[in-house]
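Q: One structure, pasted below without further comment.
The values are calculated or read from the model by the stated rules, or taken from the named source; none is laboratory data. Because the structure is a prediction, the values reported are computed rather than measured. So basically every Cβ, Gly included, is an ideal-geometry build from the backbone, and we count neighbours across all protein chains shown.
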């Protein structure tokens, strides 16, 4: 077997493990792992392939959350529909930028993901929230802007989507995390399709990421109860790792430019 596929499978397992343990934020590690661990040379291929894997993982997670009744579908779709358009625009713009310049922006977005994870999670909110014209007017522009960022940088955007849903509707963190998967799946699918049309998705690597991801989810589900009592500390350690990785990506990208 191609060694790069084995490394990709381990990378997929690591990303899925971290996502299972800590939620939003873990998917941003997929692109750096493809670039610097698997050895993908083209940043566009790494972003397109990781976006496809993130979308697939989000669909699996969404199915579980929907069965549990945590997804607020009207709010999620009102947010996701304009975001879908934004993600297509973002992906189109990103493909016109050189890979090295794109990675500089990706590193900045990645650092923002890590820094956002230092905030203490909120649990208050309205579990019975309903869509109305006022909430819709807030959801549409926030969704479009979030989708644009997700498509441009090839990230799932969960760290932006959940807070955006909570700010616009007042829903609980649990409902926002579940509902955000609708947009993560839509944005990731749109971004990856746009990249695939331009030949920037590596099929074998995508399948390896998904295969490894299945193992990571199973391991993460077993470890999660053990980390429950140290959840905030573990999440902040993970955030430090993301910020440090962002620094490395930024350094490599800037070094390549010079």
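Q: For segment 224-239, which positions are surrounded by 14 or more Cβ atoms within 10 Å (Cβ to Cβ) and modelled with pLDDT of 70 or more?
A: Answer for segment 224-239, where residues must be surrounded by 14 or more Cβ atoms within 10 Å (Cβ to Cβ) and modelled with pLDDT of 70 or more: 234, 235, 236, 238, 239.
Q: Another question, then. May I ask you to say which residue of 108, 28 is surrounded by fewer than 22 Cβ atoms within 10 Å (Cβ to Cβ), under 27 Å from residue 168 (Cβ atoms) and either modelled with pLDDT under 90 or touching a strand residue (DSSP E or B) at 6+ places or on another chain (Cβ under 8 Å) (or both)?
A: 108
Q: Among 40, 7, 71, which is the only one that is part of a loop (DSSP other than H, G, I, E, B) and more than 28 Å from residue 118 (Cα to Cα)?
A: None of the others qualify; the one that does is 40.
Q: Regarding residue 155, is this residue crowded, with 18+ Cβ neighbours inside 10 Å, part of a helix (DSSP H, G or I) and within 19 Å of the chain's Cα centre (by Cα)?
A: Criteria not met by residue 155.
Q: Checking residue 19 against (1) at pLDDT 90 or above; (2) crowded, with 24+ Cβ neighbours inside 10 Å; (3) farther than 21 Å from residue 97 by Cα, which test does it fail?
A: The failed condition is (1).
Q: Quick test of your reading of the structure: residue 79 fulfils all but one of (1) surrounded by fewer than 23 Cβ atoms within 10 Å (Cβ to Cβ); (2) touching a helix residue (DSSP H, G or I) at 6+ places or on another chain (Cβ under 6 Å); (3) at pLDDT 95 or above. Name the failing condition by number.
A: (1)
The rows are residues; the columns are (1) surrounded by fewer than 24 Cβ atoms within 10 Å (Cβ to Cβ); (2) part of a helix (DSSP H, G or I); (3) modelled with pLDDT of 90 or more; (4) in contact with a helix residue (DSSP H, G or I) (Cβ under 9 Å, 6 or more places away or on another chain).
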site	(1), (2), (3), (4)
163	yes, yes, no, yes
166	yes, yes, no, yes
178	no, yes, no, yes
183	no, yes, yes, yes
193	yes, yes, yes, yes
196	yes, yes, yes, yes
206	yes, yes, yes, yes
211	yes, yes, yes, yes
217	yes, yes, no, yes
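Q: Within segment 85-102, is even one residue under 14 Å from the mean Cα position of the chain (by Cα), at negative phi and at pLDDT 90 or above? Lay out the reasoning, then the answer.
A: Of the residues in segment 85-102, the ones under 14 Å from the mean Cα position of the chain (by Cα) are 87.
The next check asks that each one be at negative phi; those that pass are 87.
Filter once more, keeping what is at pLDDT 90 or above: 87.
Within segment 85-102, one or more residues are under 14 Å from the mean Cα position of the chain (by Cα), at negative phi and at pLDDT 90 or above.
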